[in-house]
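S.K.: Structure incoming, see below.
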Amino acid sequence: MTETVTKKLMLFFPKCECEKPIIYHLVKDYDLVVNVFRAKVTPEEEGYLVLDVTGAEENIDRAVEFVGTFNVTINAAGKGVTWDPDACTGCGHCVVHCPTGALHISDRATMEVAFDEEKCIECLACIRVCPYDVCASAF
Amino acid sequence: MKTYQEINDRIASGKAVVMTAEEIIDYVEGKGLEAAAAEVDVVTTATFGPMCSSGCVLNFGHSKPKIRMSEAWVEDVLAYTGLAAVDVFLGATQLRHNDPANMYPPGEFRYGGGHVMADLVAGKELQLFALSYGTDEYPLREIRTYFTIDDLNQAVMVNPRNCYQNYNVAINCSDRTLWTYMGKLEADCKNANYCSAGQLSPLLNDPLYETIGVGSSVWLAGAHGHVYAEGTQHAGGGGRNEYDVPTGGSGTLALSGDMKQMSPEFVRGVSLVGYGVSLGVGAGVPIPILNPGVLKRCCIRDEQIVAPITDYSSDYPNATGKVLGHVSYKQLKSGKIDVDGREVPVGSLSSYSKALKIAELLAAEIRSGDFLLSQPYAMLPADTNMKPLKVRDKTT
């Protein structure tokens, strides 16, 4: 049995590609489980989609290749939400509002705040509660 | 016993022994109080957090022809002009003109006086717009121009209240989310927020105001500033626990410093959803180890400092004085506290990591001989309490 892996992707859809059912093909043709965190894809407008894809690595690679045949930009780092470590004051107000522990106190002795991108589901709670405008959304 | 002069002589010769309020705890435990007091000259304390009672006095210099500003805005944030012709006072919580505030609550409060102060220190170019009624010697009626901090004659930060000695732990017992100056408080006590540097906090290391007083030199956001008065709402009287930590009202400091010497890392605009704008600022206060008693009180630990848990849905806004319990900073910094048998996750508005950095930066400056201590010329009152505002009829 092939080992399954999960990858986070952020896709940018220019205006011309917004009406194509690309995600349907990821499921149907490449046997991937998709978990959409956040999407803003509106007909006649450019849009973004942040999702996890789970399946055989080979299928994920082929699926990424398939998506690449459209005029869609793939950001495999999947950063729809960014955290600026230089701007962060380390107050820790965000930490209890982050549902997945992506934003966390890395060391309780120094109370430093750290951000684990892998755990971020882009709920955007941090953007609202950060007093210092440290977190930002790509869309 | 050491004097300020002896300590300053050692600092000037580069021989002073300086430790942070965190380092000193274990050092004294290992070395013994008397021996450590003879050896250590200065303990550095610090805090970083939103300080709403902040502002700055700016002098713009005179334009040709001259103007006596009667209304002025910096980046559309109103500044107070009831001073001399081109002096203004800009307050940290002043909101930008046309900001909808809490018209559609909770408002975002993206920009205000605190952000202007942060941009000024960061060297950004800002817009000044001012109006005047015009006078014989100040004929100009309107001015719009751009400036940076370098163009100003003076830019002086004033914090009428900084370094609060102790503070509430905010919680929300109601059934709706609250948006407060203590951050977002989820309904039904689902989280709590505190705001103090605990064992690093200046007035918790000098709880009886033995060394920190009016005239004390302080580190304010990277500048060499000083304590110019007791802070607003200073309430040095009232109960204290066995470690002299205030259990109720507590002390505050009024600080001032030259913004041209400040670092943008420690002067930050604050936006608190649903509440408003403010200024995040860092302060460091050196404590001269004059005798073993002073040193003993610098060894305060997070587990010895307790703060009252206050319900911000009813007890705080209605000033009932009721508290739900007390909790130590050790518990708060663990990220979870116990409230009536329930585990509640805790966040903070004060940055311990920044406070630690400030305490270390100040210690380094003192060790290198660049920062001297000053003996206060007036001590902070230790017997005053906070007065409420009474709503009453005119008496005469």
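The values are calculated or read from the model by the stated rules, or taken from the named source; none is laboratory data. These figures come from a predicted structure and were not determined experimentally. No Cβ is skipped: glycine too gets one built from the backbone with ideal geometry, and neighbour counts run over all protein chains shown. Please note that ligands, DNA and RNA were not included when accessible areas were found on the heavy atoms of the full protein model with its side chains. Shrake-Rupley method; radii C 1.70, N 1.55, O 1.52, S 1.80 Å.
S.K.: Rounded to the nearest 20 debye, what is the charge dipole size of chain A about its Cα centre when +1 sits on each Lys and Arg Cβ and -1 on each Asp and Glu Cβ?
M.R.: In debye, rounded to 20, chain A gives about 340.
S.K.: Which order do you get for B:Trp219, A:Trp83 if you rank them by accessible area with a 1.4 Å probe, largest at the top?
M.R.: Result, largest first: A:Trp83, B:Trp219.
S.K.: What distance in nm separates the two pseudo spin-label positions at B:Lys66 and B:Ala101, each 7 Å out from Cα along the beta-carbon direction?
M.R.: Between B:Lys66 and B:Ala101, the simple spin-label model gives 3.6 nm.
S.K.: Against the empirical 2.2 N^0.38 Å scaling, what ratio does the C-alpha Rg of region B:1-160 come to?
M.R.: Rounded to two decimals, the normalised Rg is 1.54.
S.K.: Right, here's the next one. Over region B:342-396, how many percent of alpha carbon pairs lie in each 5 Å bin up to the one with the longest distance?
M.R.: Spelled out per bin, shortest first, that is 4, 11, 8, 9, 10, 15, 14, 10, 7, 6, 4, 2, 0.
S.K.: Rounded to the nearest 0.05, what FRET efficiency do A:Asp84 and A:Cys123 have when you use their Cβ-Cβ distance and R0 = 22 Å?
M.R.: My answer for the efficiency is 0.75.
S.K.: Assuming 0.36 nm per residue, please report the length gained on full extension of the stretch B:Thr145 to B:Arg342 beyond their Cα-Cα distance.
M.R.: 65.2 nm
S.K.: On average, how much area does the Cα convex hull of region B:28-99 cover when viewed from any direction, in nm²?
M.R.: In nm², the orientation-averaged hull projection of region B:28-99 is 9.2.
S.K.: For region A:4-75, state what percent of all Cα-Cα pairs lands in each successive 10 Å bin, counting from 0 Å until the bin that includes the largest distance.
M.R.: 22, 58, 19, 1
S.K.: Which semi-axes, in whole Å and largest first, does the equivalent ellipsoid of region B:134-288 have when worked out from the alpha carbon gyration tensor as the square roots of 5 times its eigenvalues?
M.R.: They are 33, 25, 14 Å, listed largest first.
S.K.: Report, largest value first, the span of the C-alpha coordinates of region B:81-169 along each principal axis, in whole Å.
M.R.: 55, 34, 25
S.K.: Follow-up question, since we're still on this one. Which of B:Asp136, B:Asp150, B:Asp315 ends up with the largest GNM mean-square fluctuation for chain B, with Cα atoms connected below 10 Å?
M.R.: Of the options given, B:Asp136 has the highest mean-square fluctuation.
S.K.: Sequence-distant or interchain residues sharing an amide H contact under 5 Å with B:Glu71, placed H: which?
M.R.: Under 5 Å from the amide H of B:Glu71 lie the amide H atoms of B:Leu131, each far enough along the sequence or on another chain.
S.K.: May I pose another question? If you take the Cα atoms of region A:12-139, find Rg, then find the Kirkwood Rh from the mean of 1/r over all pairs, what is Rg/Rh?
M.R.: For region A:12-139, the value is 1.05.
S.K.: Out of every Cα-Cα pair in region B:299-396, what percent are more than 22 Å apart?
M.R.: Roughly 60 percent, once rounded to a whole number.
S.K.: To check my understanding: the extent here is largest minus smallest coordinate of the Cα atoms along each principal axis. What are those three numbers for region B:288-354, in Å, largest first?
M.R.: 44, 26, 25
S.K.: Assuming R0 = 22 Å, can you tell me the calculated FRET efficiency for the pair B:Lys394 and B:Thr320, based on Cβ-Cβ distance, to the nearest 0.05?
M.R.: According to the calculation, E is roughly 0.20.
S.K.: Taking θ = phi - 60°, what integer Hz values does the Karplus form 6.51 cos²θ - 1.76 cosθ + 1.60 yield along region A:63-70, in sequence order, with x for Gly and Pro?
M.R.: For region A:63-70, the Karplus-derived couplings read 5, 4, 4, 4, 4, x, 6, 8 Hz, x marking Gly and Pro.
S.K.: Just to verify a number: FRET efficiency for B:Ala84 and B:Tyr133, C-beta to C-beta distance, R0 = 22 Å, to 0.05?
M.R.: 0.90
S.K.: Counting only helical runs of four or more DSSP H residues, what would the 222 nm mean residue ellipticity of chain B come to if each run contributes -39,500 (n - 2.57) and the total is spread over all its residues?
M.R.: Dividing the helical sum by the residues of chain B leaves -4500 deg cm²/dmol.
S.K.: Among the listed pairs A:Lys79/B:Lys124; B:Lys190/B:Lys336; B:Lys64/B:Lys124; A:Lys7/A:Lys119; A:Lys40/A:Lys119; B:Lys184/B:Lys336, which are separated by more than 18 Å between their Cα atoms?
M.R.: A:Lys79/B:Lys124; B:Lys64/B:Lys124; A:Lys40/A:Lys119
S.K.: Further question on the same structure: In nm, what is the difference between 0.36 nm times the number of residues separating B:Thr177 and B:Glu303 and their Cα-Cα distance?
M.R.: Taking B:Thr177 through B:Glu303 to full extension adds about 42.4 nm, to one decimal.
S.K.: Using the Karplus curve 6.51 cos²θ - 1.76 cosθ + 1.60 with θ = phi - 60°, work out ³J(HN,Hα) for each residue of region A:53-59 in order, rounded to whole Hz, and write x for Gly and Pro.
M.R.: 10, 10, x, 5, 4, 4, 5
S.K.: Starting from the Kirkwood Rh over alpha-carbon pairs, what translational D in µm² s⁻¹ does chain B have by Stokes-Einstein at 4 °C and 1.567 mPa s?
M.R.: D, rounded to a whole number, is 58 µm²/s.
S.K.: Now a separate question. How fast does the protein assembly as shown diffuse by Stokes-Einstein, in µm²/s, taking the Kirkwood radius from C-alpha pairs at 20 °C and 1.002 mPa s?
M.R.: Calculated translational D: 83 µm²/s.
S.K.: Give the dimensionless ratio obtained when the Cα radius of gyration of region A:81-137 is divided by 2.2 N^0.38 Å.
M.R.: Its radius of gyration relative to the 2.2 N^0.38 Å reference: 0.98.
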